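Peer 1: Below are the C-alpha cells for one structure; questions will follow.
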Amino acid sequence: MLRTANIGVCDIREAAARERAASTAGNRPLFYFRFGVDQALPQERRTPVTPSSSSRYHRRRSSGSRDERYRSDVHTEAVQAALAKHKERKMAVPMPSKRRSLVVQTSMDAYTPPDTSSGSEDEGSVQGDSQGTPTSSQGSINMEHWISQAIHGSTTSTTSSSSTQSGGSGAAHRLADVMAQTHIENHSAPPDVTTYTSEHSIQVERPQGSTARVAPKYGNAELMETGDGVPVSSRVSAKIQQLVNTLKRPKRPPLREFFVDDFEELLEVQQPDPNQPKPEGAQMLAMRGEQLGVVTNWPPSLEAALQRWGTISPKAPCLTTMDTNGKPLYILTYGKLWTRSMKVAYNILHKLGTKQEPMVRPGDRVTLVFPNNDPAAFMVAFYGCLLAEVVPVPIEVPLTRKDAGSQQIGFLLGSCGVTVALTSDACHKGLPKSPTGEIPQFKGWPKLLWFVTESKHLSKPPRDWFPHIKDANNDTAYIEYKTCKDGSVLGVTVTRIALLTHCQALTQACGYTEAETIVNVLDFKKDVGLWHGILTSVMNMMHVISIPYSLMKVNPLSWIQKVCQYKGKEQEYTKVNLKAKIKRTSCFYYCTAFTWCIRNLLLPVAAKVACVKSRDMHWALVAHRDQRDINLSSLRMLIVADGANPWSISSCDAFLNVFQSKGLRQEVICPCASSPEALTVAIRRPTDDSNQPPGRGVLSMHGLTYGVIRVDSEEKLSVLTVQDVGLVMPGAIMCSVKPDGIPQLCKTDEIGELCVCAIATGTSYYGLSGMTKNTFEVFPMTSSGGPITEYPFIRTGLLGFIGPGGLVFVIGKMDGLMVVSGRRHNADDIVATALAVEPMKFVYRGRIAVFSVSVLHDERIVIVAEQRPDSTEEDSFQWMSRVLQAIDSIHQVGVYCLALVPANTLPKTPLGGIHLSETKQLFLEGSLHPCNVLMCPHTCVTNLPKPRQKQPEIGPASVMVGNLVSGKRIAQASGRDLGQIEDNDQARKFLFLSEVLQWRAQTTPDHVLYTLLNCRGTIANSLTCVQLHKRAEKIAVMLMERGHLQDGDHVALVYPPGIDLIAAFYGCLYAGCVPITVRPPHPQNIATTLPTVKMIVEVSRSACLMTTQLICKLLRSREAAAAVDVRTWPPVLDTDDLPKKRPAQIYKPSNPETLAYLDFSVSTTGMLAGVKMSHAATSAFCRSIKLQCELYPSREVAICLDPYCGLGFVLWCLCSVYSGHQSILIPPSELETNPALWLLAVSQYKVRDTFCSYSVMELCTKGLGSQTESLKARGLDLSRVRTCVVVAEERPRIALTQSFSKLFKDLGLHPRAVSTSLGCRVNLAICLQGTSGPDPTTVYVDMRALRHDRVRLVERGSPHSLPLMESGKILPGVRIIIANPETKGPLGDSHLGEIWVHSTHNASGYFTIYGDESLQSDHFNSRLSFGDTQTIWARTGYLGFLRRTELTDANGERHDALYVVGALDEAMELRGMRYHPIDIETSVIRAHKSITECAVFTWTNLLVVVVELDGSEQEALDLVPLVTNVVLEEHYLIVGVVVVVDIGVIPINSRGEKQRMHLRDGFLADQLDPIYVAYNM
C-alpha cells in the first residue's frame, strides 16, 4: 500500500479485477528472520510460510486494476478468507434509515466530475476508469426492492423514507427471529437489554409519494400504547429489536481491574494479555554504514559544482522538462543554470528594497512558490538563493485562500521571517487576485512581496559582480517543510555541509557518474525528488528528465517511454570549441572536461536511473497493454521513493513480473527509506549479481501490534510481508530505540523507531528548540543505562528493525501509529485491509483515510472513504459491514467509525493525495458531510466504568446512626408558618373565592382587577370587581337555564387566554359547577390539537362545554369532524350571547373540602393527569402566594403565561380576586408577532413583579438580542422590576435565565430579580421567589456523584461540574422533606432523593375515570417508612436536595435552599446509575452549532438521542459521530440510536418543557419523518 506524505492515506484508481496480485513466490526465494541465538525464537515460530502462487499478472492486465499494489498477496488472501468466515453468518446490523431527499442527493447525477484543470496535480486520476455503472434510476429501484425485502424479514435492514409503508408486527417478529440466529464478535461488556414481544399490531399508513411534512401525531390515545414500554410494531421498533439482538451476543470476558478517574466512577483499564508475545532476543548493536569515500574531484560545495559545470560545460544538458504531450518543452543547460542563478542572486540581494535598507540579506529566508510542471524555474531560483547565501523555503502553490493546510504553511513562513516569495511568471498570473489585481494575503500568511524570477524581469548583474562561493559550512542551506500528524507544519533546516555530504553519500550509494541521465517522476521541491533530481544531479553534472504529474495523468507510461527514448541517442555536441575550453581550465579541470567529452561524444547516453513511487509503477502496469517497443535493459537503478511503505512490495513484485520480459532485472529495483529529518535513511544498492535475492519477511501482524517480530507460522491470514530498503547510508550509524519513554535500544526481535547518526541529516526544526532537542539530539541508551556513543542521533519517524546482514526493514511510520487498548496499529495496514474488500465495486479511486481520535481515554480508529458516484445504499452498507469484519479478523481491533463521503470531496494535498489532518479536523468539527456513517462504539469501547451494583437495603436505624455520626442532618425544610403570620388580610374571613369576589364587588366595585393587552400593547379589555361579578352571575344563569346543570356538574371552559376565561370560571363557581380550563384547538393544526381537547373533555366527565362563538364554529367545522367524532361532544354553550337576568341565589358550598375546580395537564412524561383542588386548598394557595409576593390592591403584576393549568392558571384567574391587585394579562401567543410586548408592558406600567414561562423568556432572548439599543431609545426601563419569576415544573434552566439577565442588564434589569418557581401535579406551587428573603443561590455539584444519588459540592469550573439554581423560596405553609423513592426513608442533605411536600394547598387527589386507587394513595397520602411516620406527605415525582446556606431568612433563621435535579419518571436507569435527560441533552446541544434542540429517551435500555438540525440535510450525518463522542466523553454512555429530525419535531408543552415520551411514541410509530436514523453498533 502506498505511503504518501500523509500517513494512512492512499490515492489510487478503482481496481477492475478482484483476483489477488500476482505473487512472485514462484520465481523469487523468500527468507525468514531468526534473531539472536536459537532460543530467541521458539521452534514452532520459525517454520516459513510461503504464500501460495497465483495467476500471472498478465491474465488480468487488460482489466484496468489500479490498487492491487496496495495489497500484498498474503494480505489479500487473508481478507478474502476472513470475509469467507463471515459469509454464513452475515452481520446483523440494522441499516441506517435515510430520508428520500438525502438518498437522491447522493446519486450519480449529483456529482460533478473532478476538476483536473486546477494547478493542483492530482496523484490519482488516470484515464480508463469507466466501468458499466447503473443509472441513478436503477439505483433507486434497487433501493425500493431493498426496503421491501428488509420489511419482509430479510437479515439486512432498510432505508426509511416518507413514501414507503411500514411493515406490520410480523416483520418485527421475523427480523427478530432471523437476528437471533446470527452472530458477530463484539468486544465490550453486554448492555443490559431486555427482550420483549409485540402484542399489539398497529399499522401506520403513510400516503404514497407524499413529500410534505405532516405534523407528528403525538399523544393520540387510540394509536399509542407505549406509555410503559409496550412496543408499537413498526419499521423502527423492528430495527431496534434487531440492534438489541445484535448487542446481546456473547462478548469478550469482562475486565477485572479498574483505575479511578477523579471520582468514584471507575474506568476499566486494559490489562496486559498474559499470552502476548514479548521480545526475547539480545540487545541490538548499532549498525554502521560503509565509510564515505573521498573522491578527489568532488567539489567543495554545491555552488562550486554549479560554477564548474556552468563554465567548462555550459552546453551540457542539466534538466529537460516535458509538456503534457510528452514532448520536450525546455532544455536547461548547465551554462543557463549558472548565469540565470547568478542573475537571480544579484537581484535578490541588490534590487529588493533600497541600497541602505535591502529587503533580503545573506542568511534571510525566502519562500519558493513554483508549480509542479516547472522544475527549471524552481532549479534556477533554488541555486540563485544558494549563491546569494539566502535560505530557500520551498512550498506548494496556494490555489485558493482556503487550501487544506495552507494556514499552517503560513505559520511556518511567519516564524521563519519570510517577507519575499520567489515565483515564476505563469504561476504569478495564476495566483488568486483581488479586484484591484493584487495577490490577497492568504489566511495565516505573513505579508509577502512576490518576486518573479524569469530573466526578462531581472536586471543584469555588473561584469565585476560575482557571488561569493565558499566551501560548505554549517550555515543553513535550505528549509524543507514537514506536515505533522496534527496538521502543524515544521521547517527542517539542512546545513550546507549536510547538503553536500548527503549528495556525496547518495552518489556513492547509487553509483552515480558524471553525465548520467536520470528520469524523475517525483516532486522536485522536497524529499527524494529534490535530493536526486535537483541537488545530487548538479554535483555529478547529470541530466534530469522531469516528468510532471499532468503528463502522468494523461500518459502513465511516459516515464518508461523516456527511459527507452534516451537509450542509444548520441548527443549532438559537435560545435564545442574544446580547445578554448581546455585552455581556460586548470589541470584539475582538464581531466574532468576530457572525461566528459569522451562520454558525450563517443558513447551513447542511456537513462540508467529512474526515481518513482509505487503508484507510478502501478499506473504503468495499468496502461501497459501491448507496448512492444519497451526495453528496460539500460535501467541500472529504479529508485522506489516510498519503498519503506510495507505495501509497496506488491507493486515492485507485480512490476517486475510484467517487465522482466522487457529487460528489467530484479536487482535493479531499489526501494529506499527517507524522512524530512534524517534525509535518506537507507537505500538498496544496485548490484550486478542477479543471484542475490532481496530480503523479505512474513511477519505476524499480531506480534507487530505488540512491537515484536515473529515469523508467522500458523495463522497465515494475519501477516505482513515486508521487503528490505537496503543498507544504512555511507558514513552513517543506525539503531532502533523504543518508541516511548527514554530512547533505549531495542532487542533484535523488537520493533522500534529507527535513529541515525550522520552528518548528512537535518539539524533542527526552525525556531523550535524544545522539539529539536527531542528529535535531533537523541542519545540511545543501552540496557545498563549508558549512551552507545557520544554523538547525538536523529529520530527518523520510521518504525522498523535491522535484520540479518544489516538489511533495514521499515514496517510503518510514527505518524501513522495508533495505540488502541495498548496495542499498536499502523494506519497504512488498516487502509490496505479496507482496500482489499471489493474495492473495484466501491471505493472511488481507492481514496481512503485512516486516523484515530481520542474518545474516553483511548484512541479510536476512524476510516473515511470516498465512495463511487454510482454506489447504491445497499453497496455502501454491504461494503462497510465487510470492512468491519475484515479488520476485526485480521487486526483484532474494532473500528469506531466508518464514514463514506461523496467522490472527490476530501481535502487534498497539493499532489492530490488526501490531506489527513484536514480530514480529521473536518470529522471532529462536524464538517465532513458524509453520505453514510456506521458507528461501532459498542464493539470498541471496552473501558466504560463498571456498572453500579445496587447495595442491599440498609435498615432505618443504620441510616439514622450513619447520619448522626457523619454530622449530616435529615434533609427537611419549611416555609413560614401561615398560622403565626400577623397580617390585615380581609379575604381570610371568607372560605370561598366566590365570596371574596362578591365582597370586592360591594366594597371596591370600580377597582380594576384585570387588564388584557393586545399585540400592539394597547388595552384590549379590562374588568373591574363589579363587572366580573355581574358577568359571572349571567354565566351562572346560562349554565342553570340553558345547560340544565346541577351543582357539582363539570364544565369544560375552552377559551383563548383572556377575560372571558376568568368570567366563565367565576360563573361556574356561582352556579356550583366544577370548571376545567382547556386550551382551545389551534385553527391551523386542528388534526393534532383537537383530539387532546376531546380527551380532556371526556376524561373530566364534563357535562357541558362553554366557549366563544368563534371556537363554537371551529368545533363544528369540517376539519374538526375529520379529526374527532363531533357527535359525541357534550352540549356546547356560547358565552358571547349571555342572558340579561341575575341568578336567584349564588351557590355557596356546604364544605370547604368540596371540589372547587379540576386542573388538567399533560406532564413531561406524556401523562394526562387531572388533579382535584378543593375550596380550602384554593384559598390557602392564594393566601400563600399573597404573603410570599406581598400582593395588595395597590400593586400591579404583569403575567405572560398560559392560563390553563398549574401556577399559570392560579396567577391568571384566582390571585387578583383574592389579593385585589391588578393583573396585566399578556397572552404569550401575542409575543410571536411582537416579542417586546411583555417587557414594554412591564416598563410602561412600572410593574414590580412579573411572571413568565421559559418559552416567553427564550422568545425574548432570541428575538430581542440585537434590539436592546432601539428598545432603550424607546424608553424601555426594567429598573423597577423586583421579581421576575419563571413558572416551571422542571430543573431551572440556568443558562437561559443568565443570558436573559445579561442581555437586559443594560435596560436596568437587576440579575437578582430573575428567579424560578417549582410546581408539580400534587402541589401547584411549592417554591416561589418572594419579595423579601435572600437572593436565589447557585451551587455546583459533581455530575458523576448525582448518578449515584449523592450530592457533592464542587468549585465552579471543576471537571464534570453541573450548575444548579435554587427553585425559589419555599412558600408559607409548605413543608418539604427529601425521601428515598424506593425505601421511602428520609435522607441526609448529602443525598439526592424525591421531594415530598406537606401543605394545606396540596391537591386532594387525581381525577381519573380509571379509578387507580393505589396510585392515588401513593402520590397524595404517603408516609415515611421511619422517623416521622405520622405526617401525610404528597410525592412530587421530582428528585432534588436541600442545602442549608449561610444566608438568613426574613425571620432571621438560616435559609434552606431547594434544588431540583429532574423528574423521577424521566430519569433513566442505565448501567445501574441514574441519568437525567437534560444533562445529556445539554452536552449534545453543545456538540455542534447546527443542533438547535435535543431530546433523549431509552427504549429497551438503548439510549436514543433525537437532535433537531438547523442546516442543510447534508449536515445530518456529521452529527452522528459528534453526538456519540460527547455522550461517551461526558457521561460514559454509549448512544444506541441517533435520530436527526427537522426543527420543531421535538414536542414542547405550553410551559416550554419537552414531551420526551410523546417523542418516543412518535419515533417508534415511525411518525417523525427523520432525515437520518443511525443505529450504532
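The values are calculated or read from the model by the stated rules, or taken from the named source; none is laboratory data. Please read these numbers as outputs of a predicted model, since none were measured by experiment. Heads up, the Cβs are rebuilt from the backbone with ideal geometry, glycines too, and the neighbour counts pull from every protein chain shown. For the accessible areas, the whole protein counts, side chains as well, though only heavy atoms, and no ligand, DNA or RNA atoms are used. Shrake-Rupley method; radii C 1.70, N 1.55, O 1.52, S 1.80 Å.
Peer 1: Any idea which of 1286, 1341, 1354 is of a type in the set (A, V, I, L, M), open to solvent by 10 Å² or more (accessible area, probe 1.4 Å) and under 36 Å from the mean Cα position of the chain (by Cα)?
Peer 2: Working: 1286 fails: open to solvent by 10 Å² or more (accessible area, probe 1.4 Å); 1341 fails: open to solvent by 10 Å² or more (accessible area, probe 1.4 Å).
Criteria check complete, one pass: 1354.
Peer 1: Return the residue satisfying two criteria in turn: it lies in segment 1187-1199 and is open to solvent by less than 20 Å² (accessible area, probe 1.4 Å) and not small (Gly, Ala, Ser), and of such residues it is farthest from residue 1560 (Cα to Cα).
Peer 2: 1191
Peer 1: Name the residues in segment 1001-1027 that are touching a residue at least 60 places away in the same chain (Cβ under 8 Å), β-branched (Val, Ile, Thr) and assigned to a loop (DSSP other than H, G, I, E, B), would you?
Peer 2: The one that is touching a residue at least 60 places away in the same chain (Cβ under 8 Å), β-branched (Val, Ile, Thr) and assigned to a loop (DSSP other than H, G, I, E, B): 1004.
Peer 1: If residue 393 meets every condition in (1) assigned to a loop (DSSP other than H, G, I, E, B); (2) hydrophobic (A, V, I, L, M, F, W, C); (3) open to solvent by less than 20 Å² (accessible area, probe 1.4 Å) apart from one, which number is that one?
Peer 2: (1)
Peer 1: One residue is enough: does segment 1142-1162 have a residue meeting the conditions charged (D, E, K, R), closer than 30 Å to residue 1495 by Cα and surrounded by 14 or more Cβ atoms within 10 Å (Cβ to Cβ)?
Peer 2: Within segment 1142-1162, the first condition is being charged (D, E, K, R), and the residues that meet it are 1142, 1148, 1153, 1159.
Next, only the ones that are closer than 30 Å to residue 1495 by Cα stay: 1159.
Add one more test, that the residue is surrounded by 14 or more Cβ atoms within 10 Å (Cβ to Cβ), and what stays is 1159.
Among the residues of segment 1142-1162, at least one is charged (D, E, K, R), closer than 30 Å to residue 1495 by Cα and surrounded by 14 or more Cβ atoms within 10 Å (Cβ to Cβ), which makes the answer yes.
Peer 1: Taking the condition touching a Lys or Arg at 6+ places or on another chain (Cβ under 8 Å) and touching a residue at least 24 places away in the same chain (Cβ under 8 Å), does residue 679 pass? It would help to see each step written out before you state the result.
Peer 2: Numbers: touching a Lys or Arg at 6+ places or on another chain (Cβ under 8 Å): no; touching a residue at least 24 places away in the same chain (Cβ under 8 Å): yes.
So residue 679 fails the test.
Peer 1: While we're on this one: Among the listed residues 307, 291, identify the single one that is closer than 30 Å to residue 750 by Cα and open to solvent by 10 Å² or more (accessible area, probe 1.4 Å). Write out each step before concluding.
Peer 2: Details: 307 fails: closer than 30 Å to residue 750 by Cα.
Within the list 307, 291, the selection yields 291.
Peer 1: Here are the criteria: (1) in contact (Cβ under 8 Å) with a residue 60 or more places away in the chain; (2) over 23 Å from residue 772 (Cβ atoms); (3) of a type outside the set (D, E, K, R); (4) touching a Leu at 6+ places or on another chain (Cβ under 9 Å). Tell me which single one residue 472 does not satisfy.
Peer 2: With (1) in contact (Cβ under 8 Å) with a residue 60 or more places away in the chain; (2) over 23 Å from residue 772 (Cβ atoms); (3) of a type outside the set (D, E, K, R); (4) touching a Leu at 6+ places or on another chain (Cβ under 9 Å) applied to residue 472, the lone miss is (2).
Peer 1: Any idea which of 1168, 1105, 1133 is under 24 Å from residue 1048 (Cα atoms) and surrounded by fewer than 19 Cβ atoms within 10 Å (Cβ to Cβ)?
Peer 2: Values: 1105 fails: surrounded by fewer than 19 Cβ atoms within 10 Å (Cβ to Cβ); 1133 fails: surrounded by fewer than 19 Cβ atoms within 10 Å (Cβ to Cβ).
One residue alone meets the criteria, 1168.
Peer 1: Looking at segment 1091-1116, I want the residues that are over 14 Å from residue 1133 (Cβ atoms) and have a partner that is in a helix (DSSP H, G or I) with Cβ atoms under 7 Å, at least 6 apart or on another chain. Which pairs are those?
Peer 2: 1091/1123; 1114/1083; 1114/1120
Peer 1: Please work out which residue is modelled with the highest pLDDT, limiting yourself to segment 1407-1426 and to residues that are out of contact with any Ser or Thr (no Cβ under 8 Å at 6 or more places or on another chain), open to solvent by less than 70 Å² (accessible area, probe 1.4 Å) and hydroxyl-bearing (Ser, Thr, Tyr).
Peer 2: Residue satisfying both the conditions and the ranking: 1422.
Peer 1: Could you list all residues from segment 1208-1253 that are open to solvent by 10 Å² or more (accessible area, probe 1.4 Å) and either within 24 Å of residue 990 (Cβ to Cβ) or among the hydrophobic types (A, V, I, L, M, F, W, C) (or both)? Quick ask: steps written out before the conclusion?
Peer 2: First, the residues of segment 1208-1253 that are open to solvent by 10 Å² or more (accessible area, probe 1.4 Å): 1222, 1228-1230, 1232-1235, 1240, 1243-1246, 1248.
Listed by number, the residues that qualify are 1222, 1240.
Peer 1: Suppose we filter 810, 862, 855 for residues that are over 20 Å from residue 906 (Cβ atoms), modelled with pLDDT of 90 or more and within 22 Å of the chain's Cα centre (by Cα); which single one remains? It would help to see each step written out before you state the result.
Peer 2: Numbers: 810 fails: within 22 Å of the chain's Cα centre (by Cα); 862 fails: over 20 Å from residue 906 (Cβ atoms).
The match here is 855.
Peer 1: Looking only at strands (runs of 3 or more DSSP E) that lie completely in segment 839-958, which have at least 3 residues being closer than 30 Å to residue 547 by Cβ and in contact with a Lys or Arg (Cβ under 8 Å, 6 or more places away or on another chain)? Give the derivation first.
Peer 2: Working: elements: 843-854, 859-867, 895-902, 932-935.
So the answer is 843-854.
Peer 1: Does segment 537-554 contain at least one residue that is more than 15 Å from residue 609 (Cα to Cα), part of a helix (DSSP H, G or I), hydrophobic (A, V, I, L, M, F, W, C) and open to solvent by 10 Å² or more (accessible area, probe 1.4 Å)?
Peer 2: Looking through segment 537-554, at least one residue is more than 15 Å from residue 609 (Cα to Cα), part of a helix (DSSP H, G or I), hydrophobic (A, V, I, L, M, F, W, C) and open to solvent by 10 Å² or more (accessible area, probe 1.4 Å).
Peer 1: Take segment 1069-1089 and flag every residue that is outside any strand (DSSP E or B), buried (at least 23 other Cβ atoms within 10 Å of the Cβ) and either of a type outside the set (A, V, I, L, M) or free of Cβ contacts under 8 Å to residues at least 60 places away in the same chain (or both). Before the answer, list the steps.
Peer 2: First pass over segment 1069-1089, keeping only residues outside any strand (DSSP E or B): 1069-1073, 1079-1089.
Cutting the leftovers down to buried (at least 23 other Cβ atoms within 10 Å of the Cβ) gives us 1069-1071, 1073, 1081.
1070, 1073, 1081 - these are the residues of segment 1069-1089 that are outside any strand (DSSP E or B), buried (at least 23 other Cβ atoms within 10 Å of the Cβ) and either of a type outside the set (A, V, I, L, M) or free of Cβ contacts under 8 Å to residues at least 60 places away in the same chain (or both).
Peer 1: Output the number of the condition that residue 590 fails; it satisfies all remaining conditions of (1) open to solvent by 50 Å² or more (accessible area, probe 1.4 Å); (2) in a loop (DSSP other than H, G, I, E, B); (3) modelled with pLDDT under 65.
Peer 2: Of (1) open to solvent by 50 Å² or more (accessible area, probe 1.4 Å); (2) in a loop (DSSP other than H, G, I, E, B); (3) modelled with pLDDT under 65, only one is false for residue 590: (2).
Peer 1: Here's something else I'd like to know. Those residues that are touching a Gly at 6+ places or on another chain (Cβ under 9 Å) and assigned to a loop (DSSP other than H, G, I, E, B), I need them from segment 1359-1395; list them, please.
Peer 2: 1367, 1368, 1369, 1371, 1372, 1373, 1380, 1381, 1385, 1387, 1392
Peer 1: Looking at 1186, 1141, can you tell me which residue is outside any strand (DSSP E or B), in contact with a helix residue (DSSP H, G or I) (Cβ under 7 Å, 6 or more places away or on another chain) and modelled with pLDDT of 90 or more?
Peer 2: Values: 1141 fails: modelled with pLDDT of 90 or more.
After applying the criteria, what remains is 1186.
Peer 1: Just one of the numbered conditions (1) in contact with a strand residue (DSSP E or B) (Cβ under 7 Å, 6 or more places away or on another chain); (2) open to solvent by 20 Å² or more (accessible area, probe 1.4 Å); (3) not hydroxyl-bearing (Ser, Thr, Tyr) is not true of residue 805; which one?
Peer 2: It fails just one condition, (1).
Peer 1: Pick from segment 1304-1319 the residues that are under 38 Å from the mean Cα position of the chain (by Cα) and not small (Gly, Ala, Ser): which of them is surrounded by the most Cβ atoms within 10 Å (Cβ to Cβ)? Quick ask: steps written out before the conclusion?
Peer 2: First, the residues of segment 1304-1319 that are under 38 Å from the mean Cα position of the chain (by Cα): 1304-1306, 1311, 1314-1318.
Then drop every residue that is not not small (Gly, Ala, Ser), which leaves 1304-1306, 1311, 1314, 1316, 1318.
Working: 1304: 24, 1305: 13, 1306: 12, 1311: 14, 1314: 23, 1316: 26, 1318: 30.
Among those that are under 38 Å from the mean Cα position of the chain (by Cα) and not small (Gly, Ala, Ser), it is 1318.
Peer 1: Let me ask another. Check whether at least one residue in segment 1376-1387 is among the β-branched types (Val, Ile, Thr) and surrounded by fewer than 22 Cβ atoms within 10 Å (Cβ to Cβ), and report yes or no.
Peer 2: Yes, that holds for at least one residue.
Peer 1: Tell me the residue from 849, 903, 886, 834 that is among the aliphatic types (A, V, I, L, M) and without any contact (Cβ under 8 Å) to a residue 60 or more places away in the chain, please.
Peer 2: 834
Peer 1: Checking the conditions here, which among 1048, 1043 is crowded, with 19+ Cβ neighbours inside 10 Å and either acidic (Asp, Glu) or touching a strand residue (DSSP E or B) at 6+ places or on another chain (Cβ under 7 Å) (or both)?
Peer 2: Working: 1048 fails: crowded, with 19+ Cβ neighbours inside 10 Å.
Criteria check complete, one pass: 1043.
Peer 1: Let me ask you something else. Does segment 1470-1494 hold any residues that are of a type outside the set (Lys, Arg), closer than 20 Å to residue 1346 by Cα and touching a strand residue (DSSP E or B) at 6+ places or on another chain (Cβ under 8 Å), and which are they? Write out each step before concluding.
Peer 2: From segment 1470-1494, those of a type outside the set (Lys, Arg) are 1470, 1472-1473, 1475-1485, 1487-1488, 1490-1494; that's our starting set.
Add one more test, that the residue is closer than 20 Å to residue 1346 by Cα, and what stays is 1470, 1472-1473, 1475-1484.
Matches in segment 1470-1494: 1470, 1475, 1476, 1477, 1478, 1479, 1480, 1481, 1484.
Peer 1: Among the residues in segment 1516-1526, are any free of Cβ contacts under 8 Å to residues at least 60 places away in the same chain, open to solvent by less than 10 Å² (accessible area, probe 1.4 Å) and under 23 Å from the mean Cα position of the chain (by Cα)? Talk me through it step by step, then tell me what you get.
Peer 2: Applying the first criterion (free of Cβ contacts under 8 Å to residues at least 60 places away in the same chain) to segment 1516-1526 yields 1523, 1526.
Among the residues that remain, those that are also open to solvent by less than 10 Å² (accessible area, probe 1.4 Å) are: 1523.
After this cut, where a residue has to be under 23 Å from the mean Cα position of the chain (by Cα) as well, the list is 1523.
Yes, segment 1516-1526 contains at least one residue that is free of Cβ contacts under 8 Å to residues at least 60 places away in the same chain, open to solvent by less than 10 Å² (accessible area, probe 1.4 Å) and under 23 Å from the mean Cα position of the chain (by Cα).
Peer 1: Among the residues of segment 511-529, what is the count of those that are part of a helix (DSSP H, G or I) and surrounded by fewer than 24 Cβ atoms within 10 Å (Cβ to Cβ)?
Peer 2: Initially, segment 511-529 is screened for residues part of a helix (DSSP H, G or I), giving 527-529.
Next, only the ones that are surrounded by fewer than 24 Cβ atoms within 10 Å (Cβ to Cβ) stay: 527, 529.
Counting residues in segment 511-529 that are part of a helix (DSSP H, G or I) and surrounded by fewer than 24 Cβ atoms within 10 Å (Cβ to Cβ) gives 2.
Peer 1: Consider segment 287-318. How many of its residues are among the hydrophobic types (A, V, I, L, M, F, W, C) and within 55 Å of the chain's Cα centre (by Cα)? Please lay out each step first, then the result.
Peer 2: Going through segment 287-318, the residues among the hydrophobic types (A, V, I, L, M, F, W, C) turn out to be 287, 292, 294-295, 298, 302, 304-306, 309, 312, 316, 318.
From what's left, within 55 Å of the chain's Cα centre (by Cα): 287, 292, 302, 304-306, 318.
So the count comes out to 7.
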